[in-house]
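Read-outs throughout are calculated quantities, based only on the coordinates presented, and are distinct from any laboratory measurement. Note that this is a predicted model, so its numbers are computed, not measured. Cβ coordinates were reconstructed from backbone atoms using ideal geometry, including for glycine residues, and neighbour counts include every protein chain displayed.
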Amino acid sequence: MYYKFSGFTQKLAGAWASEAYSPQGLKPVVPTEAPPIIFATPTKLTSDSTVYDYAGKNRVPELQKFFQKADGVPIYLKRGLPDQMLYRTTMALTVGGTIYCLIALYMAAQPKK
Amino acid sequence: MTHQTHAYHMVNPSPWPLTGALSAFLLTSGMIMWFHFYYTTLLTAGLLASTMTMFQWWRDIVREGTYQGHHTSPVQKGLRYGMILFIISEVFFFAGFFWAFYHSSLAPTPQTGGHWPPTGIFPLNPMEVPLLNTAVLLASGVTITWAHHSLMEANRKESAQALSMTIALGIYFTYLQMSEYSETSFTISDGIYGSTFFMATGFHGLHVIIGTTFLTTCYFRQQLYHFTSSHHFGFEAAAWYWHFVDVVWLFLYISIYWWGS
């Protein structure tokens with residue numbers, strides 16, 4: 001259980017871990033009380049505490065590594081097959097569609113007498 | 001990555017300007033074929049091609065910014081200027097529709113009965129659903145500010161909550177407008193009242209849908225840890241755009257729904 005100081009009721013109220021660390025309206029500042037000596041309290045591993053991870057893990061660092069590889073592949077094809085399929089479909093659709101469209105417009109410009 | 005001695009983003013060749021231009025050609029020609037011959041194949045192809053172009057172009061911008069780190073401070077400044085200029089162009093786009101509305105309503109012609117709203121037109125009651133719509137959009141302006149502050153304080157839970165509330169309010173607004181449209185006794189093609197009304201509110205509705213899509217993109221990017229507490233221009237651009245849509249609605253409400261009825 002975590003607590004935060006409520007600026008509204010001027011009392012301690014229950015809170016989530018994230019709020020307790022950075023309460024609303026208060027920027028984290030230098031602690032005014034001296035923290036307990038490191039070995040005075042039993043060590044608690046970070047993996048023991050509940051982490052509010054409801055959205056999966058952060059894959060940005062590994063994706064940054066992946067997209068920053070200097071392999072000469074342009075950005076729109078960097079992910080390989082899915083990118084290539086999407087790119088080719090788009091190209092085929094636009095170029096094919098344009099040719100078809102020009103034919104359709106030519107036919108529309110020649111109405112039956 | 002090659003060594004770079006400046007902070008600017010030198011973009012690489014991309015197929016998307018070309019596919020975007022061809023999609024725009026398909027879209028406009030498709031509309032002509034639809035209007036004249038009730039022929040929808042080209043229009044469908046144009047909509048599909050432009051959606052695919054938009055998806056891949058913006059996906060690449062996310063890759064360049066979030067994954068490759070090209071969006072340095074000077075580059076972000078350029079993005080800011082770009083978004084500001086885009087929104088200014090949107091202001092003028094809507095100014096045109098307001099001009100048409102005031103041109104027709106301030107000096108009504110004898111053909112419409114010499115008054116506004118024209119004879120035989122029963123406008124929507126501005127104190128009913130349109131007032132609720134105003135409240136919904138104003139509330140969404142509050143929730144998006146809440147989302148922004150949560151994002152700046154690195155509070156993932158609350159920024160996700162506030163952002164989803166903003167999106168929900170956007171969808172609710174669109175739903176209310178759709179039900180309002182089915183209630184009207186006038187149409188876009190039966191006179192100047194319907195023409196100016198549906199042109200202005202219709203394009204506003206389209207912008208709400210675009211803004212909701214932009215915010216939804218931000219929601220998913222936030223879930224994927226794309227935004228940091230100090231670097232989240234994609235979100236800020238969406239918020240600017242959302243506020244713009246909100247302000248346009250206030251002008252629409254005051255001019256067309258309230259004064260114009």
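Under a Cβ-only charge scheme (Lys and Arg +1, Asp and Glu -1), can you give me the dipole magnitude of chain B about the Cα centre, in debye to the nearest 20?
Details: 7 positive and 11 negative charges, 125 e Å.
Dipole about the Cα centre, nearest 20: 600 debye.
Is the C-alpha gyration tensor of region B:135-255 telling us rounded, prolate or oblate? Criteria: a/c under 1.5 is rounded; beyond that, a/b larger than b/c is prolate, otherwise oblate. Since a/c reaches 1.5 and a/b is larger than b/c, the shape of region B:135-255 is classed as prolate. Any chance you could give the angle, 0 to 90 degrees and rounded to 10, that helix B:192-223 forms with the longest Cα principal axis of chain B? Value to nearest ten degrees: 20.
Take every pair of alpha-carbon atoms less than 8 Å apart whose residues are at least six positions apart; their mean separation over the length of region B:1-69 yields a relative contact order of 28 percent. Placing unit charges on the Cβ atoms of the charged side chains and taking the dipole of chain B about its Cα centre, the candidate lying farthest along the positive direction among B:F235, B:I188, B:A7 is B:A7. Each part gets one Cα centre, and for region B:1-24 versus region B:123-164 those centres are 35 Å apart.
Relative to the longest principal axis of the Cα atoms of chain B, the long axis of helix B:233-252 makes an angle of roughly 10 degrees.
Since only B:G78, B:S164, B:T112 are under comparison, the one whose Cα sits farthest along the positive direction of the charge dipole of chain B, derived from C-beta charges on Lys, Arg, Asp and Glu, is B:G78. Between B:T72 and B:W99, the modelled labels are 4.2 nm apart [label points 7 Å from Cα along Cα→Cβ]. Against chain B, whose longest principal axis is taken from its Cα atoms, helix B:16-37 shows a tilt of about 20°. The charge dipole of the protein assembly as shown, taken about its Cα centre with unit charges on the Cβ atoms of Lys, Arg (+1), Asp and Glu (-1) only, comes to about 920 debye.
In chain B, taking the dipole from charged Cβ atoms about the Cα centre, the farthest positive-side position among B:I254, B:P123, B:T44 is held by B:T44. Its DSSP H runs of at least 4 residues, each contributing -39,500 (n - 2.57), put the calculated 222 nm mean residue ellipticity of the protein assembly as shown at -20500 deg cm²/dmol, to the nearest 500.
Each Lys and Arg adds +1 at its Cβ and each Asp and Glu adds -1 at its Cβ; summed about the Cα centre, region B:1-149 shows a dipole of about 260 debye. Extension gain for A:L102-A:E62 works out to 9.8 nm (0.36 nm per residue, less the C-alpha to C-alpha distance). The relative contact order of region B:74-256 comes to 27 percent, based on Cα pairs under 8 Å that sit 6 or more residues apart. One Cα centroid belongs to region B:176-192, the other to region B:29-98; the line between them spans 28 Å.
Spin-label pair B:Q111-A:Y2: with each label point 7 Å from Cα along the Cα-Cβ axis, the two points sit 6.7 nm from one another.
Classify the protein assembly as shown: rounded, prolate or oblate, from the alpha-carbon gyration tensor (a ≥ b ≥ c, eigenvalue square roots; a/c under 1.5 rounded; otherwise prolate if a/b is larger than b/c)? Here the protein assembly as shown falls in the oblate category.
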